[in-house]
């Protein structure tokens, strides 16, 4: 039996704690990406367990045509508020929601209905997956239909994703202005 005392015990606790933190960071990245760089919607309860960064409303003729609600994995928003950048491996999920619009006592309102799909972005500060066309400009990019969270129809982020994000290039391709959770109090 090995007995740990004093500084030896403290060092062992620090080492085990460090391994746990490293494993959490690796698991955070792997929940959305396989070894080949294929991206998937993480199988997590992001609505309950992740930070909701903010919502964009897609305007329609009579109310909202859709809502885009963005979530970040635990710790990502806090790191962004501290350093002004998303840490490597950060997973962002944009849930696309259909809407219903109706007259209520407060006026005409639009509210979330069914999920119609997802966009997933994975921060790639270390230039992984150079040969994969879903990876570039510091991120992995993919869209998913509501019926398949594991296989993206996205084939090339440059052709299918990047153009929509050009206005957000100065903020690392993310529309942070719509995310109050990233702002300091």
Tabulated pairs, the stretch 104-119, first on the phi > 0 side of the Ramachandran plot, second assigned to a strand (DSSP E or B) and modelled with pLDDT of 95 or more, C-beta under 7 angstrom, 6+ apart or interchain: 117/96; 117/143; 117/144; 117/145
Among residues of the stretch 158-180, those that are within 23 Å of residue 97 (Cβ to Cβ) and not in a loop (DSSP other than H, G, I, E, B), counted: 11
Residue list for the stretch 101-148, restricted to those being assigned to a loop (DSSP other than H, G, I, E, B), touching a strand residue (DSSP E or B) at 6+ places or on another chain (Cβ under 7 Å) and within 28 Å of residue 65 (Cβ to Cβ): 134, 146
Identity of the residue in the stretch 172-185, closer than 24 Å to residue 130 by Cβ and touching a helix residue (DSSP H, G or I) at 6+ places or on another chain (Cβ under 9 Å), that ends up surrounded by the most Cβ atoms within 10 Å (Cβ to Cβ): 174
Flag for residue 87 being under 24 Å from residue 173 (Cα atoms), in a loop (DSSP other than H, G, I, E, B) and in contact with a helix residue (DSSP H, G or I) (Cβ under 7 Å, 6 or more places away or on another chain): yes
Flag if residue 63 is within 30 Å of residue 177 (Cβ to Cβ) and at pLDDT below 90: yes
Condition broken by residue 124, with the remaining ones in (1) at negative phi; (2) surrounded by fewer than 19 Cβ atoms within 10 Å (Cβ to Cβ); (3) free of Cβ contacts under 8 Å to residues at least 40 places away in the same chain satisfied: (2)
Residues within the stretch 44-84 that are part of a helix (DSSP H, G or I) and crowded, with 18+ Cβ neighbours inside 10 Å, tallied: 4
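The values are calculated or read from the model by the stated rules, or taken from the named source; none is laboratory data. Computed from a predicted structure; not experimentally measured. Because the Cβ atoms are built from the backbone with ideal geometry, glycine has one as well, and the counts that use them run over all protein chains shown.
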